[in-house]
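The values are calculated or read from the model by the stated rules, or taken from the named source; none is laboratory data. Worth saying up front: this structure is predicted, and the values here are computed from it rather than measured. A quick note on method: Cβ atoms are made from the backbone with ideal geometry, for glycine too, and the neighbour counts reach across all protein chains shown. Surface accessibility is based on the protein's heavy atoms, side chains included, excluding ligands, DNA and RNA. Shrake-Rupley method; radii C 1.70, N 1.55, O 1.52, S 1.80 Å.
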Amino acid sequence: MNDADVSKQIQQMVRFIRQEAEEKANEISISAEEEFNIERLQLLESAKRKLRQDYDRKLKQVDIRKRIDYSTQLNASRIKYLQAQDDVVTSMKDSAAKDLLRVSNDKNAYKKLLKGLIVESLLRLKEPSVLLRCREMDKKVVESVIEDAKKQYTDKAKVASPKITIDEKVFLPPPPNPKLTNSHDLHCSGGVVLASQDGKIVCENTLDARLDLAFRQKLPQIRKTLVGAPETSRA
């Protein structure tokens, strides 16, 4: 084989190798572009997913804040509503308490009232011997009605006449001083307190106690009448 043939074969081998290299390079380029596109799509989808998650999270946070704000405002409104109820009821009770102070001004009516309170207390206690406490200013009036009260009690209860001892050492508090409007001292608007001799059974039948009892019993009706039907609790 001469030099020309050798040179020709070498050139053919070179062209073959170059063609193989170009084809391989083209395959690598195509494969790299495909991988790049796949990676780009994956990154894009990952970014979109992250954005959606962030959006959902922020949307939930906004919704939670709205719910918290609504609940806070609702609770504040309920507190104001209940406070308004309490203010009206308290004002009404204070007004009634002031009216109680005038009850003892009518001597005859108050005397009759004291007798009725004593009889009622005796009927509740049903004790053969009781201790009676009253305001010091009411002592003489109480003494004047005790016998009639005992008789009325025995007629109703069909029992022997009870022994009633007026406490000469401890009296119920006096009425409040009208000049001291903000005074928190103990006071009593009138009435009596009866107890068994051993002190185990007590019947508090003062005007103030009866007012408290009346308001406790009638409070739902008072609220409904003054400020509308009571608000029902919600879960």
> Is at least one residue of segment 64-73 under 38 Å from the mean Cα position of the chain (by Cα) and aromatic (F, W, Y)?
Replying inline: yes
> All but one of (1) buried (at least 17 other Cβ atoms within 10 Å of the Cβ); (2) within 30 Å of Q85 (Cβ to Cβ); (3) of a type in the set (S, T, Y) hold for Y153; which doesn't?
Replying inline: (2)
>> Test of understanding: among K115, K93, K107, K111, which residue is under 24 Å from G191 (Cα atoms), in contact with a helix residue (DSSP H, G or I) (Cβ under 9 Å, 6 or more places away or on another chain) and exposed (fewer than 11 other Cβ atoms within 10 Å of the Cβ)?
In response: K107
>> Against the condition at pLDDT 95 or above, hydrophobic (A, V, I, L, M, F, W, C) and within 42 Å of the chain's Cα centre (by Cα), how does I118 come out, does it pass?
In response: yes
> Just one of E39, E45, E27 is of a type in the set (D, E) and open to solvent by 100 Å² or more (accessible area, probe 1.4 Å); which is it?
Replying inline: E27
> Being without any contact (Cβ under 8 Å) to a residue 60 or more places away in the chain and of a type in the set (V, I, T), is that true of even one residue in segment 94-104?
Replying inline: no
